[in-house]
Amino acid sequence: FTWEKEFLPAQNWNEVWEANFQPVVVDDFCGIRAEFHEPLIGVEHELVIQPKMAFGTGHHETTFMCIQLMRDLPLAGTSVFDFGCGTGVLAILSSKLGAACLDALDIEKEAVENTLENCQRNGVENIHTWQGTLEDFLEKNMGNCRENGYDVVLANINRNVILASLPLLKALIRAGGWAIFSGFIAEDESLMRLSLQEGGFEVEKIQRKNNWLAMLARAQS
């Protein structure tokens with residue numbers, strides 16, 4: 001093998017990061033910016049997200065499409081479960097759209113902490129955060145909003161985690177509840193359709209952006 005060594009002079013890396021982090025605007029529906037950006041104009045909802053080590057700024061296709069699918073969801077007064085919450089961006093948007101009670105779960109401590117920070121930035125107080133696996137969530141009876149089953153489940157993770165988690169997610173959502181699944185590519189469309197159908201979900205809409213997919217599904221009885 002060969003290797004090279006390059007000297008990187010000291011500089012303000014935070015300034016470099018800020019220079020490359022541009023606001024994201026999803027249609028005229030939702031804008032996402034950091035604290036150092038100017039307020040966004042012409043969007044229904046504006047979110048302030050400081051990502052740190054967590055995923056979810058809207059720049060990735062999967063987050064972008066989840067936000068698009070959330071636009072027409074009847075979220076007012078609902079209970080929402082954000083599985084793999086990252087920065088908390090989807091849970092925070094759900095709260096802004098009228099969700100009454102929200103549980104946000106992530107396996108990473110940094111993501112849970114970041115979600116709490118971003119909730120404070122956006123003046124959101126009805127999101128309960130939890131750290132652990134989905135198995136932990138069920139076995140340890142976590143969650144403040146799951147008594148009668150969630151009305152909406154958001155799962156923007158990856159194909160393998162979603163497929164492995166379908167039975168547990170189906171147990172958490174009420175019959176007729178909505179679910180958004182994303183984090184997989186176009187080549188997985190047939191597999192995801194079949195797996196969701198076998199897992200008790202009916203796919204009602206598919207969003208496509210570049211080679212990524214997001215699916216809106218409804219839980220069957």
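A few notes on this one:
- Surface per residue (accessible, 1.4 Å probe) for the chain, Å²: 51
- Cα gyration tensor shape for segment 40-107, rounded if a/c is under 1.5, else prolate or oblate: oblate
- Spin-label model distance (nm) - Ile107 vs Asp136, 7 Å beyond Cα toward Cβ: 1.0
- Pairwise centroid distance, computed over Cα atoms, of segment 102-123 with segment 145-219, Å: 22
- Here's the list of lysines a cross-link from Lys205 could span, going by alpha-carbon distance under 29 Å and ignoring same-chain residues fewer than 8 apart: Lys96, Lys170.
- Among the trypsin sites (Lys or Arg not before Pro) in segment 125-221, those located in a DSSP loop and surrounded by at most 12 other Cβ atoms within 10 Å of their own Cβ are Lys140.
- Unpaired Cys in the chain, meaning no second Cys C-beta under 4.7 Å: Cys30, Cys66, Cys85, Cys119.
- Nearest-ten-degree value, helix 109-121 long axis tilted from longest Cα axis of the chain: 90
- Rolling a 1.4 Å probe over the protein heavy atoms of the chain, with every protein chain left in place, gives an accessible area that is 49 percent carbon and sulfur.
- 222 nm mean residue ellipticity, helices alone, for the chain (DSSP H n ≥ 4; -39,500 (n - 2.57); rounded to 500): -9000 deg cm²/dmol
The values are calculated or read from the model by the stated rules, or taken from the named source; none is laboratory data. All of these numbers come straight from a predicted model, not from anything done at the bench. Because the Cβ atoms are built from the backbone with ideal geometry, glycine has one as well, and the counts that use them run over all protein chains shown. Only protein heavy atoms, including side chains, enter the accessible area calculation; ligands, DNA and RNA are left aside. Shrake-Rupley method; radii C 1.70, N 1.55, O 1.52, S 1.80 Å.
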